[in-house]
Amino acid sequence: MTPKTPEAPSRKALRWQEHKERTRRDLLASARKLFAERGYHATSAADIAAGAGVTERTLFRYFPNKLALVLDEVIALLPEMAQLIRERPAAEPPYQAVCEGIIDFGLRHQDMMALVMASEGELEIPLDRRQRPLIDFEDTLAEVLRQRYAVPAEDQISPAVWARASIGALRTALVISAREPRAAAPRPGRAPGDPLRACFAALPRGS
């Protein structure tokens, strides 16, 4: 029996998919604009939905919360972060290369990272299909480190440990930074990336 050829999507299905993608882009654009104008906490989900011309209920069909709107942009830029780590000076050991690559990324996208910081308590959110790429990035980072340091294929441990420890240090630095009073002035002599460097310095190996 000849296997059936999969049917091409109907015009109606294609139009619906285009509509969903357009709605998602409009919501992201509305969130970006309002966060810049009002700040993260002063912008409600209803404000974002209205700015995109949809209902608040529709917004939550696309994004589970406000933080997901921020994380979507971060996720889209994760390949750039991986490339910055890959291109760090060859003499840098694993944790230093990851740390400095992340700091470089943060300096290039300061406005976006400020939104992540402003989300404060929402950093501890349950994983769902939208946050899954953040976990998958550990595997990408492990492969970047494997290639960067020419780790033999039989060593399945070292790059994975470096990657997961690095993500743990990054997560800790984000939480620490988010808990600092937003109105407080930066501490004298504090440079960009200091909390991250402090967390990476706590890692016992690979530094």
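Can you pull out the residues in the stretch 84-113 that are farther than 16 Å from Asp194 by Cβ, open to solvent by 40 Å² or more (accessible area, probe 1.4 Å) and in a helix (DSSP H, G or I)?
Across the stretch 84-113, the qualifying residues are Arg86, Arg108, Asp111.
Identify the residue in the stretch 1-24 that is in contact with a helix residue (DSSP H, G or I) (Cβ under 9 Å, 6 or more places away or on another chain) and modelled with pLDDT of 85 or more and, among all such residues, is least open to solvent (accessible area, probe 1.4 Å).
Result: Thr23.
I want to confirm something. Restricting to the stretch 34-49 and keeping residues that are outside any helix (DSSP H, G or I) and open to solvent by less than 20 Å² (accessible area, probe 1.4 Å), which single residue is farthest from Leu174 (Cα to Cα)?
Thr43
Only one of Val116, Val144 is β-branched (Val, Ile, Thr), at pLDDT 95 or above and closer than 20 Å to Cys199 by Cβ. Can you tell me which?
Sole residue among the options that is β-branched (Val, Ile, Thr), at pLDDT 95 or above and closer than 20 Å to Cys199 by Cβ: Val144.
For the stretch 149-170, give me each residue that is open to solvent by 30 Å² or more (accessible area, probe 1.4 Å), under 16 Å from Ile102 (Cα atoms) and either touching a Lys or Arg at 6+ places or on another chain (Cβ under 9 Å) or free of Cβ contacts under 8 Å to residues at least 24 places away in the same chain (or both).
Result: Trp162, Gly168.
Could you tell me whether the stretch 196-207 includes any residue that is under 21 Å from Asp136 (Cα atoms), assigned to a helix (DSSP H, G or I), modelled with pLDDT under 80 and open to solvent by less than 50 Å² (accessible area, probe 1.4 Å)?
No, the stretch 196-207 contains no residue that is under 21 Å from Asp136 (Cα atoms), assigned to a helix (DSSP H, G or I), modelled with pLDDT under 80 and open to solvent by less than 50 Å² (accessible area, probe 1.4 Å).
If we keep just the residues of the stretch 50-83 that are in contact (Cβ under 8 Å) with a residue 40 or more places away in the chain and charged (D, E, K, R), which is least open to solvent (accessible area, probe 1.4 Å)?
Asp72
The values are calculated or read from the model by the stated rules, or taken from the named source; none is laboratory data. Being a predicted model, the structure only gives us computed values, none of them experimental. In this analysis, Cβ positions are derived from the backbone assuming ideal geometry, glycine residues included, and neighbour counts consider all displayed protein chains. To get the accessible areas, we keep the full protein, side chains included, count just its heavy atoms, and leave off ligands, DNA and RNA. Shrake-Rupley method; radii C 1.70, N 1.55, O 1.52, S 1.80 Å.
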